[in-house]
Each structure stands twice: as C-alpha cells, then as structure tokens.
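Report on the following structure.
The values are calculated or read from the model by the stated rules, or taken from the named source; none is laboratory data. Just so you know, these numbers come straight off a predicted model, no measurement behind them. As a convention, Cβ positions derive from the backbone with ideal geometry for all residues, glycine included, and neighbour counts pool all protein chains shown.
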C-alpha cells in the first residue's frame, strides 16, 4: 500500500501520474480489467490538469501495486503453492479448479499481487497451508 507521502507527491505531479499510467499500460499489457484500462487511459490522456485528486492517485497506485508479480509472499514460495494447488485442484470448486489450472499453465512461478489472496484461500481449503497463514 502506498504511503501518504507518495500519494501526495504524485498527486501534485500530474506529468508523473500520466507517465506512471502510460508505463503501466506498456509494462503489463492484457493484465487489466476494462475499468482499469479505461482509468489508466483517462489519467495518461488528461493533459489539462496540473494535479489529480487524492482518490485518483490512490487508485492509480493500487493498480500499480496489484499488477506487480510476486514469487514469494510472507515466506511462502508462490511456485510451490501453485504446483501443490494444481495437484489437488479437483477438490476445489469448479471455478477455482479452472483458475488454478490456468494459473499453473501460465504463471512461470509468479502471481499478480492482487491474486495472492485467492491462491492462499485455495491453499487453505486444500490444507496445503494452515488457517493462520494470512494472505
């Protein structure tokens, strides 16, 4: 999560916010929802503003943080969790089973930060990790 200092700094730096939005769209193509893409496009195209609202910058930084790929989270190896969940996926709901299968095929041992919670929930449901391991 972004700090208040970072939010305030980017809020006052409209050119920096536009550059960040544009960079996110280039670095992570195909990774965003339609709403996120529309939001990022509106930020990067908005040359009329000298600064953005606090809420706009909070959302921009949340999108940035959620797009980040992680290979380890709270001392848990993501590749190992994906592999173990894939091996036991038939004990999950159909939607989670499909999600894990797709994740296993395309992950490369990492996962977007915004999907870590779902992976940990599946791992807890399959008794791969204990209930007290927080995501």
Look through 46, 115 and report the one residue that is modelled with pLDDT under 90 and not assigned by TED's automatic domain parsing to the domain that holds residue 28.
115
Among 58, 31, 36, 72, which is surrounded by 14 or more Cβ atoms within 10 Å (Cβ to Cβ) and closer than 21 Å to residue 106 by Cα?
31
Matching residues, the range 112-135, being free of Cβ contacts under 8 Å to residues at least 40 places away in the same chain, over 17 Å from the mean Cα position of the chain (by Cα), in a helix (DSSP H, G or I) and under 15 Å from residue 74 (Cα atoms)
124
Evaluate the following for residue 67: is it surrounded by 15 or more Cβ atoms within 10 Å (Cβ to Cβ) and under 28 Å from residue 4 (Cα atoms)?
yes
Which residue is modelled with the highest pLDDT, if the candidates are limited to the range 89-111 and must be crowded, with 17+ Cβ neighbours inside 10 Å and not in a helix (DSSP H, G or I)?
92
I need every pair where a residue in the range 1-12 that is farther than 18 Å from residue 67 by Cβ has its Cβ under 7 Å from the Cβ of a residue that is in a helix (DSSP H, G or I), sequence separation at least 6 or different chains.
11/54; 11/57
What number goes with the only condition from (1) over 30 Å from residue 11 (Cβ atoms); (2) without any contact (Cβ under 8 Å) to a residue 24 or more places away in the chain that residue 71 does not pass?
(2)
So residue 31, is it assigned to a helix (DSSP H, G or I) and under 17 Å from the mean Cα position of the chain (by Cα):
no
Restricting attention to the range 55-66, which residues are in contact with a helix residue (DSSP H, G or I) (Cβ under 8 Å, 6 or more places away or on another chain) and either more than 13 Å from residue 13 (Cβ to Cβ) or assigned to a loop (DSSP other than H, G, I, E, B) (or both)?
58, 59, 63, 64, 65, 66
Against the condition more than 30 Å from residue 131 (Cβ to Cβ), surrounded by fewer than 17 Cβ atoms within 10 Å (Cβ to Cβ) and modelled with pLDDT of 90 or more, how does residue 4 come out, does it pass?
no
